[in-house]
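As structure tokens, the structure follows; a few thoughts come after it.
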Amino acid sequence: MTKIVNHWIGGKTAEGASGTYGPVTDPATGAVTTKVAFATVEEVDAAVAAAKEAFATWGQSSLAQRTSILFRFRALLDEHRDEIAELITAEHGKVHGDALGEVARGLEIVDLACGITVQLKGELSTQVASRVDVASIRQPLGVVAGITPFNFPAMVPMWMFPIAIACGNTFVLKPSEKDPSASIRLAELLAEAGLPDGVFNVVHGDKVAVGRLLEHPDVKAVSFVGSTPIARYIHTTASAHGKRVQALGGAKNHMLVLPDADLDAAADAAVSAAYGSAGERCMAISAVVAVGSIGDELVDKIRERAEKIKIGPGDDPASEMGPLITKAHRDKVASYVAGAAAEGAEVVLDGTGYTVDGYEDGHWIGISLLDRVPTSAKAYRDEIFGPVLCVLRVDTYDEGVALINSSPFGNGTAIFTRDGGAARRFQLEIEAGMVGVNVPIPVPVGYHSFGGWKDSLFGDHHIYGNDGTHFYTRGKVVTSRWPDPADAPAGVDLGFPRNH
């Protein structure tokens, strides 16, 4: 019997009323294992109404109450991390180790939310004038929404809702319809931790659900992670409806390798960063820029390592890389490799014909490596979101920096070098929001913020860290003057001496 994933509204399962369901496949087999209910406008409205009702009390609750619930949630999440990882593997396809890593990075933000009291401290200036004090405080917004992608069905929601609810907001999540089960399990664990009904809600669906969240007058802010075209649309539409928006878009992350770099370390980094999680991550390294004469040796080292990667079902402990999320996505990724030679690239490894014995209907693709890729090629210009690595050749450091900075994306980038001066120049000169120095995937720890520049981010706030706290709260400044008790009217004795 096919599993059905329903909504979570007001602290309990809400069966889909639209009669419309989306298929969820096991990427390793291609079989439809689950159906997910698609929400109507009325069902989205019900979730927002539940969140609004809950905000009336949750927004006034103490920090101690909020953080105590989050501490219990953290313990439950840690206890059930294997179970959540298995749900991710079953619907996304990534290997169990990658799924566990995803849960661990989500836990990191829950840790931050448990200690949110420090970030929510206000400021006080006394005696700015005679008997006048000024205080700055931060207050929650109300109902906020998160729209999250398929590639990290547990981690990305946890980059949003723990901080949002710790700050006193209530939350409506619209996860990807391709792998929805992890979000419902998170909702159940939040309820088990004691989160009041309506503080966290989940509605599944497509553009109908998204469109309603973007225009709903009671939704005060929208967080989004996904492709650049959709991020731009989310930002434009939600902003036009008066909402605060953080919309994180796509990427084309470069790794600049200087002639003095440890090429073995650089090759290891390029392989793990390009092909880990099958390349389905916005922080994947998809373009290596080789400087000077090292290109041939570096490509050889990358090829040697890439050929050894074991590809198979995500629940097989021997697998190092799993399938892609859908057949349609697999075919799109393959098309970039198929057209690369005609656009001037040298195809070193072609993974488009890869299959796994016994799993022939799975969404398989092998490792692809393209060398001497011109910047005009589609494989370079587009975010492929699959296990395809492009190598570009430049003669100098300056040429490499100019190439990277000419990209419309500015999510993350890295440099590999033994020269501290070159690394320092790079981190100051490069136009990207996250920079790695001999670190291929510079995803910040939870107490710093994640976000790119240019077409990789729409809105003023990065996600989690201090930016997350500021996004989910708004500032208020209170200026107050109180009369001295000794100045009370005659006949009223408050016990203060009248000798000033």
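The values are calculated or read from the model by the stated rules, or taken from the named source; none is laboratory data. Bear in mind that the values here come from a model prediction, so they are computed numbers and not experimental data. Every residue, glycine as well, gets a Cβ built from its backbone with ideal geometry; the counts of neighbours run over all protein chains shown. Just so you know, the surface numbers come from the protein's heavy atoms only, side chains and all, with ligands and any DNA or RNA stripped out. Shrake-Rupley method; radii C 1.70, N 1.55, O 1.52, S 1.80 Å.
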Checklist outcome for this item: Of the residues in segment 270-284, those that are touching a strand residue (DSSP E or B) at 6+ places or on another chain (Cβ under 7 Å) and either without any contact (Cβ under 8 Å) to a residue 12 or more places away in the chain or in a helix (DSSP H, G or I) (or both) come to 270, 273, 274, 275, 278, 279
Next on the checklist: Just to be sure I understand, how many residues within segment 443-477 are surrounded by fewer than 18 Cβ atoms within 10 Å (Cβ to Cβ) and in a loop (DSSP other than H, G, I, E, B)?
Outcome noted: 6
Checklist entry - Looking at (1) assigned to a helix (DSSP H, G or I); (2) hydroxyl-bearing (Ser, Thr, Tyr); (3) touching a helix residue (DSSP H, G or I) at 6+ places or on another chain (Cβ under 6 Å); (4) free of Cβ contacts under 8 Å to residues at least 24 places away in the same chain, which is the one condition that is false for residue 352? => result (1)
Checklist outcome for this item: If we ask which residues in segment 285-296 are open to solvent by 10 Å² or more (accessible area, probe 1.4 Å) and in contact with a strand residue (DSSP E or B) (Cβ under 9 Å, 6 or more places away or on another chain), their number turns out to be 4
Checklist entry - When residues of segment 327-347 are filtered for being surrounded by fewer than 18 Cβ atoms within 10 Å (Cβ to Cβ) and either within 16 Å of residue 281 (Cβ to Cβ) or of a type in the set (A, V, I, L, M) (or both), how many remain? => result 5
Checklist entry - When you scan segment 1-44, how many residues do you find that are over 24 Å from the mean Cα position of the chain (by Cα), at pLDDT 95 or above, open to solvent by 40 Å² or more (accessible area, probe 1.4 Å) and farther than 28 Å from residue 169 by Cβ? => result 8
Item to check | Unmet criterion (only one of (1) modelled with pLDDT of 95 or more; (2) out of contact with any Lys or Arg (no Cβ under 8 Å at 6 or more places or on another chain); (3) over 30 Å from residue 461 (Cβ atoms)) for residue 345 | outcome: (2)
Item to check | Unmet requirement for residue 92, which otherwise passes all of (1) in contact with a helix residue (DSSP H, G or I) (Cβ under 7 Å, 6 or more places away or on another chain); (2) of a type outside the set (Val, Ile, Thr); (3) under 16 Å from residue 153 (Cβ atoms); (4) open to solvent by less than 50 Å² (accessible area, probe 1.4 Å) | outcome: (1)
Checklist entry - Considering only residues of segment 58-74 that are in a helix (DSSP H, G or I) and of a type in the set (Gly, Ala, Ser), which is nearest to the chain's Cα centre (by Cα)? => result 68
Item to check | Enumeration of residues in segment 21-44 that are among the charged types (D, E, K, R), out of contact with any His (no Cβ under 7 Å at 6 or more places or on another chain) and in a helix (DSSP H, G or I) | outcome: 42
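In segment 45-57, is there at least one residue being among the hydroxyl-bearing types (Ser, Thr, Tyr), surrounded by fewer than 23 Cβ atoms within 10 Å (Cβ to Cβ) and in a loop (DSSP other than H, G, I, E, B)?
No, that holds for no residue.
Residue-by-condition table, conditions (1) under 30 Å from residue 232 (Cβ atoms); (2) acidic (Asp, Glu); (3) open to solvent by 10 Å² or more (accessible area, probe 1.4 Å):
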residue	(1), (2), (3)
360	no, yes, yes
374	yes, no, yes
382	yes, yes, yes
390	yes, no, no
395	no, yes, yes
402	yes, no, yes
411	yes, no, no
Checklist entry - Take the residues of segment 65-80 that are free of Cβ contacts under 8 Å to residues at least 40 places away in the same chain and either touching a strand residue (DSSP E or B) at 6+ places or on another chain (Cβ under 9 Å) or open to solvent by 70 Å² or more (accessible area, probe 1.4 Å) (or both): which is farthest from residue 153 (Cα to Cα)? => result 65
Item to check | Residues being open to solvent by 10 Å² or more (accessible area, probe 1.4 Å), more than 24 Å from residue 289 (Cβ to Cβ) and touching a helix residue (DSSP H, G or I) at 6+ places or on another chain (Cβ under 6 Å) - total across segment 302-322 | outcome: 1
Checklist entry - Mind checking which residues of segment 360-372 are without any contact (Cβ under 8 Å) to a residue 40 or more places away in the chain and among the hydrophobic types (A, V, I, L, M, F, W, C)? => result 370
